[in-house]
Structures are given as C-alpha cells and as structure tokens.
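The values are calculated or read from the model by the stated rules, or taken from the named source; none is laboratory data. This one's a predicted model, so the numbers in the text were calculated from it and none came from an experiment. Here Cβ is always computed from backbone atoms with ideal geometry, including for glycine, and neighbour counts include all displayed protein chains.
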Amino acid sequence: MMLRWAWKTLIRQRGGLFGSAGGLAGAFILVIFFSAVFRGEATQIVAYLENTRPDIWVMQRGVSNMHMATSFVYDWKADKIARLPGVKRVTPIVYLNTIVHAGDQDAFSFIVGLQEGSSRAGPWALAGGRSQLHSGETVIPEVLSKLSGVGIGDSVTITDRSFKIVGLSEETYSMANSVTFVSMSDLTDILSAFGTYSYLLVDLEEGIDARGFTKTIMDEIEKVNAMTHGDFVRSDFALGMMMGGEIIFMMTVICSGLAVLILGFTSYTQVMRKRRELAIAKAVGIRNLFLYTAVVFHAMVITLLALLLTGIFAIVFFPFISTLVPQVTLVVSIGDLAGMAVVAIIVAAISALIPAYLVSRLDPATVFQV
Amino acid sequence: MFLLAWRQLCLDPARTFLTALALGAVIAVVLTLEGFEQGQYYQLARTVFNRQADLIVTQAGVSNLMAVRSSIPQLSREKVESIAGVVNAHPLAWISLIYEKEGEKTPVFLFVVDTKGGPVHMVRGNGIPKGKEIILNDSLAKKYHLNIGDPFVVFDFEFTVVGISKDSAALFTPFAFVNFDGMIDLFIETDIAPDLTTFPMLSFLLVDLEPGAQREAVAEEIERRVPEVDVFTPGQLAESDMNMGRGFLGPVMGLLVFVGYIIGLLVVGLVMYAEVRSRLRNFGVLKALGFTHVRLIYGIILQALLLLMISIPVGVILGLGTASFIHTFGPVYLIRWYEPTTFLSTILGSGFFAILGALIPLRSIRRADPMLAFQGE
Amino acid sequence: MGSTQLLRAVNLSKFYGRGHTEVRAVHDVSLEIPHREILLIMGPSGSGKTTLLSMLGGLLRPTKGQVEIDGVNITALKETDLPGIRALKIGFIFQAFNLLDALTVEENILFPAPLHPGGLRRARPRAHSLIEQLGLAQRRKAYPRTLSGGEKQRVAIARALINHPRLILADEPTGNLDSASGQEVMMILHDIARDEGCSVILVTHDPRVEEIADRILWLEDGSLRDRKSEQHSWVRDPVCGMRVDEWTATLFHEYKDKKYVFCSKRCIERFKNEPDKYAKHKNFE
C-alpha cells in the first residue's frame, strides 16, 4: 500500500516529478557530456587513421601514436619495405601538428603531406573541389571553410606559407585536430625533413596476415615500429581518451555529488510535504521499514525518469548539438550510459538517506494537530 | 513582500539549508566549469609570460608560441643580438612527445632552453637544467611517482630529474625542460631524428632589451633586418595563444556552462514550484486580501533571489572544495573561478536563471483560487 | 454619487455544470445592505452561503446578476481590477483565520497596508490602535503558532480592518472558537459596525450571532428569505430526543395525521421502521 501511495503521490504532482527529474537529468547530462566530448574528440583523432585503413602502419621506433607524436622514417626504408614479398603498396605521408590560419579562424590541425598525384591517404569524402594536390594547394575541412568564410579559390596560411584551397573535405573537422592536406613536397620543405617521411602506410596482398607481417618488417628494417591498423587506431584512441580520463573522472564525481544534493532535496521536500500523511500511516501501525521503502521508491522513480530523459537527450540531441556547433563532436557509447545508470542508482540510494532519517523521526501524534 | 519572502526562508531552516546546498552545488559546478576554461587561457598566457622576455621572435607567419611549428634560421640569433637596444636573444624550442612508463602514456611538451626560458616557479630542486638533466612539471612527477634523482627515459635516452616545477602546463599537457646540450645528446644517441636539421632546433628567440629601449621600435627594426622572422611582445603572443585556446575550448565550455545554468534554472524552478504548491492556500488568501498576480510573482522572485544570495557563499565554499579536489587528482588542470570577471559573470548568470526558474510556478500562482481561503485547513 | 445602500446584489445566480448535471449553488438572490448594518446569513450545509459570500466579495464571478459596492458594479469589472476593490473596500475574516505563519502579529496586521495609497506610514498608527483595542498588545511580536484561536481571530479581524474597508465579509468567524472566544469575537464585530462605520455580513451556523444581527436571512437550496431572530419553534426529535428548530428543519415525516420533525435521516429511518414505538413514546411527545 505504501508503494501505491508513493506512486500516486508522484503522479498527482506531475510538474514536481518532471521538474525533479529534469534537474537530476541535467546533472547526469553534465557527467556524460564530458565523456561524450572526449569520446567524440578521440573518435575524431582516429578518424583519419580509420578512413585511411592500411594493413600496417610503420613509424619511428619508440613511437606508437600519431596524435601529439613526432616520427621520422628514412625514405629508403619505405623502398625496402615495398620490396618485401607480400607488400602490395607502401604510401608514405609526412605529418605535422600546427595551426592553420583560415580567414579569422585559427584551427589546430594535423597537416598531412601527400605524394603529388596520389589520392591514397588523402581525404575520403569531399564536399567540393578535388583531392589530388600539387605544390601550393590544400584541401581543408568543409566545416572550417564555413566557420572562417574561406572557400575554394581562397587561401589559408600554414606557418609563413600561403596555400590555395582546391578542395573541401568532409568528416575531417574537430575542435582540437582538424585534418588539412597539402602536398608532400610543401610539407617536407616546411619541416626541412628531406629524405624522411613521418609514417608509412603498408597495404598487403590478399591473404597475408598483418600481425605476423609487422614482425617481419621490424626484423628486416631496423629502428622502426610496425603496428597493425587495429592496434594503431586503438593506441591513438586510448591516448585521446586518456587525455580526458582524469577530468572525466573528476567531473563524474562532482556532478554525481550535485545529483545527490538535487535528489536529496527533492526527497526531503516530498517527505516534509507529506509528513502528515506519513504520520497517519505511522499512527495506524505501518512500520518504518515500509515508510523507508516508499521514500526509496520515490527516489528511484525520479532517478529512473531522469535516466530516461538523459538517455533520450543524449541519443537525440547530442548529434543535433554537433550539427549546430560543429566544433564539438559528441559521441555517447552504451557503456557510458550504463555507467551513468550505475552512478544514478548509487546517487538515489545515498540521497534517500536524508528523508529516511526524517521518516524515522516523524511523530504519529501530529495527526491530532490542527 | 520582501519581509514575507525572507521570513518564509527562515520558517524551515533545514529546508532552506538543503536548498542552499543544492543551489550552491550548481553554482559551484558553473564556477568550476568557468574557472576551468579561464584556467586554460591563463595557462596559455602564463606559458608566454613565464619565458620572461621583453620581446619574442618567431618564424615569419607564426603568431603563436604553443601548438605551432616555428623554425628560425640558426644565424638569426646573431642578427637579432646585433640590433641596437637588444641585450640578449635566448634560444627556445619545444617538441611534443609521448612519455610512456609501465604502459601508461602521457603527452608532454618538452621545452628546450639555454640561458633563459626555463621554469619560473619551482616546487623543489634545480630550476636550470644542464647536460642530461630534466625538470618536470609537478603533475607529471606525481603521476609517475618521480622525484629528484629519478631517471626519465624517452626514446631510450635517459634524463635525470633535477627539479620539479609548477605553473608549467597548458592545453591539458604538462611541460618538461631540458637544455640544448641534452637535446643534442638525445638526437645523436637515439633515433629521434635522422639528422638534426629535421628538428626545429631554434623555434623562438627570447629577447632582453636594454633599459629604456623602445619595444615597438626595436621590434620593427628586427623585422626589417631579419625578414625571415616576426616579433611580438609577450602580451601579443599571449593574446594570440589565448584566442587559439578560445577557438577550440570556447564552444565546448560554453555548452557545458549553459547546461550548468539550465540545471540551476530547474533547481530554482523545482524549489519555487514546491514552495508555491505548499503555500497555495496562502496565495489564495493573499488574492482575497487584494494582492495582484504581479505582486505575488514579485514576492516569489524576491524569495528566489534571496535564496540565491544565501547559496552564493555555499557555492563559493563548495567551489573551493571542488577546485582543491581537481588540483589534487589532476594537477595539470588549473581552476581559476576566483577571477573577478568569472565570478561576477557566474553570479549574474545565476541571478538571471534564478529569476527564470522562479517563473516556472507562474501558472500555479495564477490559478491559485481565493476560494481556498474559505476551506478548512 | 452617494448611495444609501453600500451593497446591492441583483438576481445573483451561480450554476455549475449543464443540463441534467447542473447544480444551482445560488439562485436568483437579490439583497441590499445599507451602511453600518450587521447582516447574518444562515442556512444548512451546502446551501450556498460561502458561494454567495464569495460573489459579494468579488472572489467568484456570478453566472447571472450583478453586485454593486458603493455604486461600483464589480461584476462588470475586469479580473485585474478586482484586487483593488478587495484591497480598499472589503475586509475578509475566515473560519480558518488564514494568518501568515512566517509573520508576527503586528506584521500580519500590516501586511495588506502597502495596497492602500497611504502605505505603511499611514497604517502603522492604525495598526497600533487596533492592537490595543483588540487586546493584542502583549502578543504584538508573537507568531501565529503560539496564539490561541481567539487571539488568531482577533489578529485576522485587525488585518481585515487595516485599510478602512467599508464592508466586512466574515465566513464562520466563530466556527473554530470556544464559547468565550466566540462571544468575544461577536462583540468585536458588533463594535466594528458601530465604531468603524462598516457593514458586516456574517455567514454562520452559530445561533448566538443572532443576538447582534440587525437582520437575518435564511439561505436554503440557493434561495434567500428573511427570518426574524425571535422566530424559533423548538420541538423534539421523537427517536433521539434532540431539540430541533422546526422553522429551520429539513427532515419531516407525517404519521397518523401528525407531523414529526427529525434531526437526521437515521432518525427518520428508525421511526419509519417502528412508527408506533416512537410515536407513542411519552417522553418525546
């Protein structure tokens, strides 16, 4: 009966129910927002790697990432790898992290230098123009073009050099690392990295085991690291997530604390408003345990509703937010939502302690008061 | 109405306290988010100012210190030092690398310094690296439990930790400092680069001016005589770096702060809704006595603002606690919520959303029936 | 233009619902109240007394008819204009007192003062005077939860008078009070009409209030009729022996050409089951 009472009390005040759940959902949204931002960024960090998709990545020994890393490989090593049996093709790229000045926008960017005339390792989706580059030309993210107001035919500046925009790429923009393409000769010149590449993309013949071949490469070529595509992507993704790991953990704790306070306040208010009815229940002989159950039930219903609102918001609105604010990529995983659910249940259990204490202190004699 | 609003809050001190705690927590979260954002910009600015130069020389076309590649010809130093008004031009470079120990990776900005440009604030140890010595940011040292005398291995090359610094991080990344000699040893003894020309061994020059020298005039002269460089005051470069930071952090943090304010609006709305519902009879009585809707709504807004004022000191205390918590677990992050503009904007924003939240029970107030006054309690 | 009548209600009706579910809470009530009159409206529960009072005070819109207070047709006013009328011309006294728990006695009394053009400055001396007159001087700084029922009602009366209203509307003012407190409140209301020049409309079941009323109206099934205070016809319920006013009773039964008056349906049913037993009982003849 107390559960039924709790349920009916909640339903009667829909405004209060949705207000409480809304406030709580806000706190939950903040929690998953952080992990969604970092997961989105990490997803974008590996977007280039994912879409380039060679079988094996070869880089300088001691390096196992692209993001925030520096790698140099002698050009003759690329020729040597290309001659290994089983190798279909080796595509070298040169790579630099720096700022691209486009109009009034400064975008922190991966600059990828591509062999002239080659589209391998270049943009995988174009919104306009072409992807094959010559010296003095560049392909920039379409989003950057929109934000800065520069388009095909206009120029951007990288270090002290001007590049003419000949193409606009899709799926290459994020707040912390867009991908900009230039010709290899230009980037080599900027880096003064003559005779070296940054990374080698190795495509294998059909049926060759990539993992085994990484060992072959490292045995044959000294001072390089070879990783399968999957391992390399995971390594960069993990680095991207790790960079946000601490702040995600801290914001989870902080916002969970906020959620406890909001839910605690809601439960407290509910008990205080209904204390006369709870006193009546005590007066007619209902035990404290059943009253606690009603209070915890109340907290759980609000929490579940808040979780539902959070899930809906995350699934429906996060992609919409990313469209509206392209600098922000939000990616929510089922794992994040499941983690949030666990946090929410803990929050509900803790926040029910305050009203449970109040319930235990209720004096049934108050039913006689006018 | 002010008296009634205040007395209503005093009537149930426990509830008011709990409400102030909830609202204060929201204020603390917003302060933390705003402080986090300002902290990032501050770190970017401090990175420039901590180099303690009167002027900073970059590669032509480069207008940032962080997150860019800048490479100046080696002979630029001599040319710059020959200009009237210039006392010294100290070389500076940095590279980004990933430090890995026991499977855990951390990106690091490795600053390469000579006679100037090292860390300004030391926690312990030596502030000037020599040879194969390295100075680490305290967050990096904490994370890997490194102390003075411990080895710090990158690319199979071993540096020795001689100092722990603070105020030496930016863009979520801790700094480390080595000397040019150490860097050259690193290049030569490892595979970090096929040859030295690959690395920007000279990225920037930190220029000391003679007392009384005109900064702008000297900067112009340097740019004229050394056309392959640009010259900036630390203020200009700091502003440039902060703008870069705003470019990529601004939208995200703006969204997060907005969500924070929405939570505040909902909490206030929830509180005031509960308040109005519990006092519906009172509102009916007040209407019967001749109080208009406008006066009643004014009273509710007053109550919400009074609640906010009580919650602000609670929020400040919680904000302090939150910042401490973050600084303990993530010392690379800086939370500067106490910046006057940050604090003021948070309070004003909270006030605006508190007023909006107070209007949530508007409908209930409008529908409060004066006939309720005739009902038994 | 001055009028001898403070309040004039013409053909007031209030219906709820439609068709066969229509309920006529008040039906075609007209009355006029001169200045300084104490009018008592009595009637059984559910007769429409509170509905009538609410319409007279501008708290409820009538379905038909109009109300004029001091020459102003309040039924023709917009909703937004009514609070002003209530604030300056009408004072309400409720059965449940309806004091604000968060304010002291003095603050409760002064609470409506800002609604008057004179504001608090004008009201403070008046509040002081009312507190003295109503014997609340020692309780000035007390909160409602520490007051007795009589004290609370006196505070409510003072609050109703703070802005010099012309009309006081009191709904069961003695309903929650003991005998002595109720007597006291009645005398205060009498003195208000005499000294403040207000008209007082009282709605109550309390027969003692008849002593102070200038006029008594009886409201039953939404319709109003005059009733003289000395008109009583006391008989005994033949089943339980309770004294019942034949004039105001609603439960009757005829048996063997004799009319019996009952206090409740239960008593009627018992009589009908054994009429001879109760009709013959000498004690109840």
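Which ones in segment C:248-271 are among the acidic types (D, E) and on the phi > 0 side of the Ramachandran plot?
The one that is among the acidic types (D, E) and on the phi > 0 side of the Ramachandran plot: C:D257.
Here are the criteria: (1) within 11 Å of chain B (Cβ to nearest Cβ); (2) without any contact (Cβ under 8 Å) to a residue 12 or more places away in the chain; (3) assigned to a helix (DSSP H, G or I). Tell me which single one A:L147 does not satisfy.
All conditions pass for A:L147, except number (2).
If you take the residues of segment B:67-85 that are outside any helix (DSSP H, G or I), surrounded by fewer than 22 Cβ atoms within 10 Å (Cβ to Cβ) and of a type outside the set (G, A, S), which of them is nearest to the other protein chains (Cβ to nearest Cβ)?
Among those that are outside any helix (DSSP H, G or I), surrounded by fewer than 22 Cβ atoms within 10 Å (Cβ to Cβ) and of a type outside the set (G, A, S), it is B:R69.
For segment B:129-147, which residues satisfy the criterion of being closer than 14 Å to B:F177 by Cα and either surrounded by fewer than 17 Cβ atoms within 10 Å (Cβ to Cβ) or aromatic (F, W, Y) (or both)?
Result: B:K130, B:G131.
Mind checking whether some residue in segment B:1-11 is more than 9 Å from every other protein chain (Cβ to nearest Cβ), under 30 Å from A:V156 (Cβ atoms) and assigned to a helix (DSSP H, G or I)?
no
Quick one: how many residues across segment A:211-234 are touching a Gly at 6+ places or on another chain (Cβ under 8 Å) and within 26 Å of A:T43 (Cβ to Cβ)?
1
Find the residue count for segment C:139-173, including only residues that are surrounded by fewer than 18 Cβ atoms within 10 Å (Cβ to Cβ), in a helix (DSSP H, G or I) and of a type in the set (A, V, I, L, M).
Residues flagged as surrounded by fewer than 18 Cβ atoms within 10 Å (Cβ to Cβ), in a helix (DSSP H, G or I) and of a type in the set (A, V, I, L, M) within segment C:139-173 amount to 0.
Have a look at A:T310, A:T323, A:T266, A:T293 and point out the one that is more than 14 Å from chain B (Cβ to nearest Cβ) and either outside any helix (DSSP H, G or I) or among the polar types (S, T, N, Q) (or both).
Exactly one residue qualifies, and that residue is A:T293.
The rows are residues; the columns are (1) surrounded by fewer than 19 Cβ atoms within 10 Å (Cβ to Cβ); (2) closer than 21 Å to A:K223 by Cα.
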| position | (1), (2) |
| --- | --- |
| A:K8 | yes, no |
| A:V46 | no, no |
| A:R61 | no, yes |
| A:V87 | no, yes |
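Against the condition acidic (D, E), assigned to a helix (DSSP H, G or I) and not assigned by TED's automatic domain parsing to the domain that holds A:G153, how does A:D219 come out, does it pass?
yes
Picking from A:M218, A:M243, A:M251, which residue would you name as being buried (at least 21 other Cβ atoms within 10 Å of the Cβ) and under 30 Å from A:R61 (Cα atoms)?
The match here is A:M243.
Please determine whether any residue of segment A:272-289 is among the β-branched types (V, I, T) and either in contact with a strand residue (DSSP E or B) (Cβ under 7 Å, 6 or more places away or on another chain) or surrounded by 21 or more Cβ atoms within 10 Å (Cβ to Cβ) (or both).
So far as segment A:272-289 goes, no, none of its residues is among the β-branched types (V, I, T) and either in contact with a strand residue (DSSP E or B) (Cβ under 7 Å, 6 or more places away or on another chain) or surrounded by 21 or more Cβ atoms within 10 Å (Cβ to Cβ) (or both).
Which of the residues spanning segment B:274-296 are buried (at least 17 other Cβ atoms within 10 Å of the Cβ) and either polar (S, T, N, Q) or within 30 Å of B:F343 (Cβ to Cβ) (or both)?
Residues satisfying the conditions are B:A274, B:E275, B:N282, B:T292.
With the requirement that a residue be assigned to a loop (DSSP other than H, G, I, E, B) and buried (at least 21 other Cβ atoms within 10 Å of the Cβ), what does segment C:61-95 give you?
C:P62, C:F94, C:Q95
What's the number of the only condition in (1) in contact with a Gly (Cβ under 6 Å, 6 or more places away or on another chain); (2) within 14 Å of chain B (Cβ to nearest Cβ); (3) assigned to a loop (DSSP other than H, G, I, E, B) that A:A193 fails to meet?
(1)
Consider B:T58 carefully, then state whether it is facing chain A (nearest Cβ under 8 Å) and polar (S, T, N, Q).
Criteria not met by B:T58.
Is there a residue in segment A:27-50 that is in a helix (DSSP H, G or I), in contact with an Asp or Glu (Cβ under 7 Å, 6 or more places away or on another chain) and more than 14 Å from every other protein chain (Cβ to nearest Cβ)?
Scanning segment A:27-50 turns up at least one residue that is in a helix (DSSP H, G or I), in contact with an Asp or Glu (Cβ under 7 Å, 6 or more places away or on another chain) and more than 14 Å from every other protein chain (Cβ to nearest Cβ).
Would segment C:42-55 turn up any residue that is at pLDDT 90 or above and more than 14 Å from chain B (Cβ to nearest Cβ)?
no
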